[in-house]
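Read-outs: derived from the displayed coordinates by stated rules, not from any lab. This structure is a prediction, so every number in the text was calculated from the model and none was measured. Positions of Cβ are backbone-derived with ideal geometry, glycine not excepted, and every protein chain shown enters the neighbour counts.
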Amino acid sequence: MTDELTLTVTGMTCGGCESAVKRVLSTVPGVSRVHASHATNTVAVSFDPAQTTRQAIASRIESAGYRVQA
Ligand SMILES: [Cu+2]
């Protein structure tokens, strides 16, 4: 089973930031697809809710230096 989640993330300013977000999320078990856009301040994630949570994904993004809006 796969859930989709779109987070509003601030602090991404270029393609390098998008790549950084994708890289850290690729280490989260259960995350299958990530689309990050600094132009729209969004990160869309496909994930298995049996393996991870919105909270785990958000805290991983924040640990990389970006802010996730509630
Ligand atoms: Cu950047």
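In table form, for the structure just shown:
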quantity: Residue list for segment 13-32, restricted to those being more than 16 Å from the ligand (Cβ to nearest atom) and assigned to a loop (DSSP other than H, G, I, E, B); calculated: Ser26, Thr27, Val28, Pro29, Gly30
quantity: Residue list for segment 22-56, filter: out of contact with any strand residue (DSSP E or B) (no Cβ under 6 Å at 6 or more places or on another chain) and among the aliphatic types (A, V, I, L, M); calculated: Val24, Val28, Ala39, Ala50, Ala56
quantity: Residue pairs meeting the criteria (Cβ under 9 Å; at least 6 apart or on separate chains; first within 12 Å of Ile61 (Cβ to Cβ) and in contact (Cβ under 8 Å) with a residue 24 or more places away in the chain, in segment 9-32; second within 10 Å of the ligand (Cβ to nearest atom) and among the acidic types (Asp, Glu)); calculated: Met12/Glu18
quantity: Residue in segment 55-66 that is within 16 Å of the ligand (Cβ to nearest atom), surrounded by 17 or more Cβ atoms within 10 Å (Cβ to Cβ) and not in a strand (DSSP E or B) present; calculated: yes
